Amino acid sequence: MDFKLKIWRQRDAADAGRFENYVAKGISPDASVLEMLDVINRELVAAGKDPIAFDHDCREGICGSCGLVINGGVHGPFEHNTTCELRMRRFHDGDTIVLEPFRSRAFPIIKDLVVNRTALDRIMQAGGYVTVKTGQAPEANAIPVPKKIADEAMDAAQCIGCGACVATCPNGSAMLFVAAKVSQLALLPQGKAERKERVIAMIRQMDKEGFGACSNTYACEAKCPKGISVEHIARLNREYLRAGFGSK
Amino acid sequence: MKLDPKVPSGPIEKRWSQRKFDMKLVNPSNRRKYTVIIVGTGLAGSAAAATLAEQGYKVESFSFHESPRRAHSIAAQGGINAAKNYVYDGDSVFRLFHDTVKGGDYRARESNVYRLAEVSGNIIDQCAAQGVPFAREYGGSLDTRSFGGAQLSRTFYARGQTGQQLLLGAYSALSRNIRAGGVTFHGRKEMVDLVVVDGRARGIVVRDLVTGELSTHLGHAVILATGGYGNVFYLSTNALASNASAIMKAWRKGAYLANPCYTQIHPTCIPVAGDYQSKLTLMSESLRNDGRIWVPRKGGDARSPDRIPEEDRDYYLERLYPSFGNLVPRDVASRRAKEMCDNGFGVGKTGRAVYLDFAEAIGRMGREEMQEKYGNLMDMYQEITDEDPYKVPMRIYPAMHYTMGGLWVDYQLQSTIPGLFVAGEANFSDHGANRLGASALMQGLADGYFVLPATIPDYLARTKFESVKADASEVTRVAEDAKLGIEKLMSVNGTTPVDAFHRRLGHVMWEKVGMAREKKDLEEAIEEIRRIRKDLWKDLKVTGSADDLNAEIERAARVADFIDLGELLASDALHREESCGGHFRVEHQTAEGEAKRDDEAFSYAAAWQYKGEGQAPELHKDELAFEYEIPTSRNYK
Ligand SMILES: Cc1cc2nc3c(=O)[nH]c(=O)nc-3n(C[C@H](O)[C@H](O)[C@H](O)COP(=O)(O)OP(=O)(O)OC[C@H]3O[C@@H](n4cnc5c(N)ncnc54)[C@H](O)[C@@H]3O)c2cc1C
Ligand code: FES
């Protein structure tokens, strides 16, 4: 397959950045978007030019490293996939494809298509954990967790931390990301002791990092590679309210 | 130097407790005075960083990823073993020990393996307490399943994303300790060399991957938890950035590298389809619980699989190994798949694939339950191949997956450089010549949560540290050398991008040092690898600058190290005139085509010492003694 590409190039954070045009020829329909970029980069290097920088690692949709805005859509025009999972067979031969970095106030651009997503780590550091030191754990089966609860917690815990929810949100909110962790730990008995402090600390950090507010557009759920449900945002809101009223 | 594995004596079930008791402790108020440098934030690195910080040490943690959570451990699918015996099917610490020693084809140290089995249950407790959402039964207790090489159900899992959930558990512990100030995390920093002062590991030099800047970090002990070297094969199931540079730098500084030829080829991966492919995707071994592997009885049978009736199918694993069937260990399953394809029974366009069929399982449990158990794998398969595995059998083929070899360590997980410790897939310690499924996660977390946090304090307490000045020539020279190394790569100024050299290397490794190895091929491989090295230093082309984010430089440096490792791997394979586990020498097999070990001659771990550029490495033998397990030929019939 052949494609015309418009790709965002930006030397560093200070550079203004611009689109540049490339052509991709003879791409296998089974190749992923990133494998197409590999081909372009080999050609650029062979021609003595600076290759296009983009983040990636596992290339199977689990590490959360990759993330491009493709034809205006976060991780591409479809739902529930990561950029590395998106195969070229989903496009038409001869299409023009526009590739940009995730854009959000909280994700400054480092170079080309690479952004800094450390704000998400700092939210986790604020409270996305259960305080249990190594060696303090009780026997695992001592605390039963009904299957239904464990499954629901797992639905939330699947978050790969890619930031698609932020990039796709008109307000640049990280609510779905925060909600996934708050919800997972609020559901499980292990997380109950700290649920109040956790939700307050994580929300506070989220605000501090410059993420926007949630106005229930639900764009995030559609774009989440794991399809994490906005119901977790509802649970987060309940957690936040009860934390505020000082009840347990 | 004579290798001292520091293995405890006495009854095996008391060895670890006795050793823990014999170890020296550091007074809590003194712990802040010690800095431990940890490279890697996979399961092993994150677990160690969190635990040592909880104990009160100052931890400096490094990763080339931006976030600790991106480590390759995140991709593990199937599960983690533990001898909990929750289902009461005859499991015990001793049984897990037995299975692991046998599964490793009697090439691992008994004491290490026993310790691993002994702490396995604590790992599950720890992870459950962190909020890892393990699969549960209706009553709320933990669910398990079975994995290759075991006849019982001891594998704990979180859907098909066990590695993700365990890593996020360790990451949450790490995050908590970053917040509390015990750990300082340095992301997008790649270790480019090790600082050794007066014979002790005292620090590392790292390159900032965004600015290209080199900086030196000093401490009292260094832990490498940098993962495996499977990408020496170019195509593997590993994440693309996984590399061997950290262990190769340590090797050149005097740490011995053990058993590099013990590599694991995983039987169930999506086959190679074309040149564009940047990696091979694993379909978890857990699928072998419910999937049946077969090929048509008639070579070249072009009928679509659903048109091939039962009597025309050969379920060759069930036929050859009636008691383990589709659950034989990985090395056996991989070799048999290759053999079927070599003999012309392979399926698909390339003829290099066999079927993994779920029709029977779907009939038995229904599509919904199938989806619940393996949904993400089925989706992944469909996304990649454009075929629906609920309707047509998967086509699978073996691919490079895991490396049992790594830096040599003693029972304390210390390398031959005092103060340099190695954990997780980067060391060689527990799996012998073949790792059982679901045991890498167990080992990484055992090393990180339970072993290093006992052995590092002992080292710190016993060592009298001289203060090391950042401007001492022994220290500054390391960064200067690293700078020269990068300039050397940039200045070759040839015409060929690094990817081409990596592909060439991978091709030699797969064809000649892969599933079946032969003297003549190995000798040729070594020659060819040397040519690749020569060509790289003559014709490599790296574009862009060394002062900003430049994946080409990162890659060039990694491939240069892979070339050296590839040669060592092939030499190790050539020297080991026997077949064992993942190392299969065509010359050494039984009449039925099973691996033939030579315990008389090769019951040792081969630890290789670097002797200088262009010099042959020196072999040191770490002899294995079996007191509890009597090496027999592995029989999965
Ligand atoms: C697809 C797949 C599925 C698997 N499934 C299972 C399974 O179901 N069960 C099981 O038991 N095992 C499984 N494994 C194996 C298991 O995942 C790995 O062996 C294990 O996770 C390795 O963990 P680790 O901590 O040693 O290293 P890794 O997780 O590889 O982490 C390495 C770390 O080191 C860092 N690093 C490396 N070099 C440098 C450097 N020079 N400078 C700075 N940082 C560096 C990286 O950034 C990373 O943080 C699977 C493996 C694969 C590939
Ligand atoms: S590269 Fe890991 S999720 Fe895409």
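The values are calculated or read from the model by the stated rules, or taken from the named source; none is laboratory data. These numbers were taken from a predicted model, which means no experiment stands behind them. Glycine also receives a Cβ, built like all others from the backbone with ideal geometry; neighbour counts cover every protein chain displayed. What goes into the accessible areas is simple: the full protein's heavy atoms, side chains included, and nothing from ligands, DNA or RNA. Shrake-Rupley method; radii C 1.70, N 1.55, O 1.52, S 1.80 Å.
With every protein chain in place, what's the accessible area of residue A:112 (1.4 Å probe, Å², nearest 10)?
0
Return one whole number: the accessible area per residue of the protein assembly as shown in Å², for a 1.4 Å probe.
35
May I ask you to find the residues of segment A:34-48 that are shielded by at least 30 Å² of accessible area once the whole protein assembly is considered instead of their isolated chain (probe 1.4 Å)?
By number: A:35, A:42, A:45, A:46.
Which three numbers, in whole Å and largest first, are the semi-axes of the equivalent ellipsoid of the protein assembly as shown derived from its Cα gyration tensor as √(5λ)?
For the protein assembly as shown, the ellipsoid semi-axes come out as 35, 33, 32 Å.
Run the accessible area of chain B with a 1.4 Å probe and give the carbon-and-sulfur part as a rounded percent.
49
Between residue B:621 and residue B:472, what FRET efficiency comes out of the Förster formula 1/(1 + (r/R0)^6) with R0 = 51 Å and r the beta carbon distance, rounded to 0.05?
Plugging the Cβ-Cβ distance into 1/(1 + (r/R0)^6) gives 0.90.
Quick check: with the 1.4 Å probe, what order do B:237, B:590 take by accessible area, largest first?
Largest to smallest exposure gives the sequence B:590, B:237.
On a 0 to 90° scale, report how tilted helix B:330-342 is relative to the longest principal axis of chain B, with both axes built from alpha carbons and the result rounded to the nearest 10.
50
With every protein chain kept in the model, how would you rank B:374, B:390 by accessible area, 1.4 Å probe, largest at the top?
Ranking B:374, B:390 by accessible area, largest first, yields B:390, B:374.
Going by accessible area, probe 1.4 Å, with all protein chains left in place, what is the ranking of B:496, A:83, largest first?
Highest to lowest solvent-accessible surface, that is B:496, A:83.
Tell me the relative contact order for chain B as a rounded percent, counting alpha carbon contacts under 8 Å between residues six or more apart. If you can, show how the numbers build up before the last one.
Numbers: 1365 pairs, mean separation 129.4, N = 637.
It rounds to 20 percent for chain B.
Assuming 0.36 nm per residue, please report the length gained on full extension of the stretch residue A:149 to residue A:192 beyond their Cα-Cα distance.
14.2 nm
Convex hull over the alpha-carbon atoms of chain B: what's its volume per residue in Å³?
151
Of B:58/B:611; B:189/B:349; A:148/B:338; B:102/B:464; A:111/B:33; A:111/B:249, which pairs sit farther than 32 Å apart, going by alpha carbon to alpha carbon?
B:58/B:611; B:189/B:349; A:148/B:338; B:102/B:464; A:111/B:33
Size of segment B:268-398 along its principal axes in angstrom, Cα-based, largest extent first?
Principal extents (Cα only, largest first): 38, 36, 30 Å.
Angle between the Cα long axis of helix B:93-103 and the longest principal axis of chain B, 0 to 90 degrees, nearest 10?
80
Averaging sequence separations of C-alpha pairs under 8 Å and six or more residues apart, then dividing by the length of segment A:3-111, give the relative contact order as a whole percent.
Contact order relative to length: 34 percent.
Solvent-accessible area of residue B:110, probe 1.4 Å, all protein chains present, reported in Å² to the nearest ten, please.
So the heavy atoms of residue B:110 present about 10 Å² to solvent.
Calculate for chain B the 222 nm mean residue ellipticity that helices alone would give, adding -39,500 (n - 2.57) per DSSP H run of length 4 or more and normalising by residue count, nearest 500 deg cm²/dmol.
Counting only the DSSP helices, I get -11500 deg cm²/dmol.
With every protein chain present, what accessible area does residue B:588 have (1.4 Å probe, heavy atoms only), rounded to the nearest 10 Å²?
Number for this one is 50 Å².
Please say if segment B:1-123 is rounded, prolate or oblate, where rounded means a/c under 1.5 for a ≥ b ≥ c the square roots of the C-alpha gyration tensor eigenvalues, and otherwise the choice is prolate for a/b larger than b/c and oblate otherwise?
oblate
Report the calculated FRET efficiency for residue A:23 and residue A:171 (r = Cβ-Cβ distance, R0 = 41 Å), to the nearest 0.05.
0.65
Cross-link candidates for residue B:621: which aspartates and glutamates have Cα within less than 17 Å, leaving aside residues fewer than 8 places away along the same chain?
Those aspartates and glutamates meeting the cut-off are B:4, B:110, B:410, B:430, B:572, B:577, B:578, B:598, B:599, B:600.
Can you give the FRET efficiency to the nearest 0.05 for residue B:20 and residue B:310, using r as the Cβ-Cβ distance and R₀ = 45 Å?
That pair, residue B:20 with residue B:310, gives E of 0.20.
Residue separation times 0.36 nm, minus the C-alpha to C-alpha distance between residue A:136 and residue A:218: what's the value?
Full extension of this stretch gives 25.6 nm more.
Cα-Cα pairs above 33 Å in chain A: how many percent?
27
State, in square angstrom and to the nearest 100, the accessible area buried between chains A and B, both chains counted, probe radius 1.4 Å.
6100
Would you tell me the mean number of C-beta atoms belonging to other protein chains that fall within 10 Å of each C-beta in B:134-140, as a whole number? Each step should come with its number before you reach the end.
Working: counts 5, 4, 11, 5, 3, 5, 10.
Counting other chains' Cβ atoms within 10 Å and averaging over B:134-140 gives 6.
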